[in-house]
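Single-structure report; data block below.
Here, each number is a calculation from the coordinates, and none is a lab measurement. Every value quoted in this text rests on a predicted model; they were computed, and no experiment measured them. In this analysis, Cβ positions are derived from the backbone assuming ideal geometry, glycine residues included, and neighbour counts consider all displayed protein chains.
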Amino acid sequence: MSQKAQEMFPRRLRKCVNIDDLRQLAKRRLPYPIFDHVDGGSDDEVTLAANQSAFDRYYLVPHYCSGVEEVDASTTVLGQPIEWPFFAGPAGGLKYLHPEGEIGVAQAAHELGTAFSMSGWTNTRPEDISAAAPDGPRFFQLQPCRSRQVMDDMIQLAAGSGYDALILTVDNPIHGNRERDARSGFGVPSNFTLKAWLSILSRPRWMINTFPLPGFGLYDQYMNSPDRDLAWLAHQLITNISWDDLAWIRSRWDGPFAIKGLVAVDDIRTAVECGVSAVILSNQGARHFDTAPATLDMLPAVVDAVGDRVEVILDGGIRRGTDVLKAIALGARACTGARPYCYGLAGAGRAGAEHALALLRAEVERTMVFLGAASLAEVGTRHIMLRPLARGDDPDAA
């Protein structure tokens, strides 16, 4: 995005110079139960913190006198070219953050030269997203379901709506313990507390734009009897699928196919044997299970195990362009994430999502100049090192 285009952003966005600034803007503009649902993790949020702090254990090593002034950060993910190595990952319920929702994020991603991933919990029909954002790659997240017929319907919908790749997310075999949601009453369906309602009422613009709360339109056709409600739907879509299910899904989708949510190396090897074309190394932003390792800490072992057979994509904790390049230096093909653009969307709609992605892209390209890397292929192990322990450091933390 050009400097002139960025100058057209609302003043509140121009004052946001990094993703944390956008997070603070989102916190001010959203009722606290909605912000906490986006921002929070499960249990004690140990893994939530670790996903970000893992990047702090690495330095990037600059290389000067390289003559590099212009860089090419482009790569290919899931068969689609993107202009820099980060794409918008799936996040459900984006209209809870801003009325522009999924369409606003898809348009922002394409404006910034990257792909958009639609969540299985989308508030917007996939064909409507395709019609409104036709000019870039679109990926379809398949939510596991107890019914193979429902999953097959979703696979056919993805193909018929022009989605380029399928992402199967597998790390929610049971409801996670999100204590922030439990305290506010956010859920499917929600049962907001008095404190939550007061926070909602204190933000009338958000309330007017959002109520009645948007539904999850992919599944309306399955909820046409009195005994089926949102609780029934959540039960259907929170399930522990098997490797046989994974192989069956692969057989039903003729195109690039990623599995998202695996952390253990042996699980990832099994997924590769089932025919996936990419592995998105992810703990779902620590939203379901706490005390899992940070994804960056698992990345070198995963790359060693399967990196010569499939694309390895890192999800989790990305807040800076330097984070992206640390993952690339450790062997990732690209990175993905949702919280950065969610903060931007909540703060200012599509413009906010664009600003979040523009900040990350600019940091990636600027850092490549410091690394002396004219292309992404030149970023490697010579550019990264573990931070030496300082006096008083906990050796287990580094």
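According to the square roots a ≥ b ≥ c of the eigenvalues of the Cα gyration tensor, what is the shape class of the stretch 219-300, taking rounded for a/c under 1.5, prolate for a/b larger than b/c otherwise, and oblate for the remainder? Oblate is the answer for the stretch 219-300, as a/c is 1.5 or above yet b/c matches or exceeds a/b. Scanning the chain for DSSP H helices at least 20 Å long along the axis (C-alpha atoms) with a Kyte-Doolittle mean no lower than -1.0 picks out 339-371.
Kirkwood-type hydrodynamic radius, the stretch 62-104: 13.8 Å, calculated from all non-identical alpha-carbon pairs.
Note that the stretch 323-380, at 37 °C in a medium of 0.692 mPa s, gets a Stokes-Einstein diffusion coefficient of 269 µm²/s from its Kirkwood radius over C-alpha pairs. Volume of the convex hull of the stretch 68-162 (Cα atoms only), normalised per residue: 104 Å³. With the Cα gyration tensor of the stretch 129-208 giving a ≥ b ≥ c as the square roots of its eigenvalues, does the rule (a/c under 1.5 for rounded; else a/b larger than b/c for prolate; else oblate) give rounded, prolate or oblate? The shape class here is oblate. With a Förster radius of 25 Å, plug the Cβ-Cβ distance of Thr291 and Arg183 into 1/(1 + (r/R0)^6) and report the FRET value to the nearest 0.05. Once the sixth-power term is evaluated, E becomes 0.75. Between Asp20 and Asp266, the contour length at 0.36 nm per residue exceeds the alpha carbon distance by 85.1 nm. Using every pair of separate Cα atoms, the Kirkwood estimate puts the hydrodynamic radius of the stretch 39-78 at 14.3 angstrom. Ranking of His355, His110, His288 by neighbouring Cβ atoms within 10 Å, starting from the fewest: His110, His288, His355.
A straight line joining the Cα centroids of the stretch 168-227 and the stretch 271-349 runs 26 Å. Each of Lys95, Lys195, Lys260 has some number of other Cβ atoms within 10 Å of its Cβ, and from fewest to most they run Lys195, Lys95, Lys260. Put a plus charge on the Cβ of each Lys and Arg, a minus charge on the Cβ of each Asp and Glu, and nothing anywhere else: the dipole of the chain about its Cα centre is then about 1340 debye. For the stretch 194-342, the gyration tensor built on C-alpha atoms gives an oblate shape. Its axis ratio a/c (a ≥ b ≥ c) is at least 1.5, and a/b is not larger than b/c. Take the Cβ atoms of Phe192 and Cys65, set R0 to 51 Å, and the FRET efficiency comes out at 0.30. The three principal axes of the Cα atoms in the stretch 272-333 give end-to-end lengths of 29, 26, 16 Å, sorted in falling order. Per residue, the convex hull spanned by the Cα atoms of the stretch 260-398 amounts to 148 cubic angstrom. Taking each DSSP H run with n ≥ 4 as -39500 (n - 2.57) and averaging over every residue of the chain yields -12500 deg cm²/dmol at 222 nm. Legend: Rg and Dmax of the chain, from Cα coordinates, 20.4, 70 Å. When the convex hull of its Cα atoms is viewed from all sides, the stretch 13-112 shows a mean projected area of 9.7 nm².
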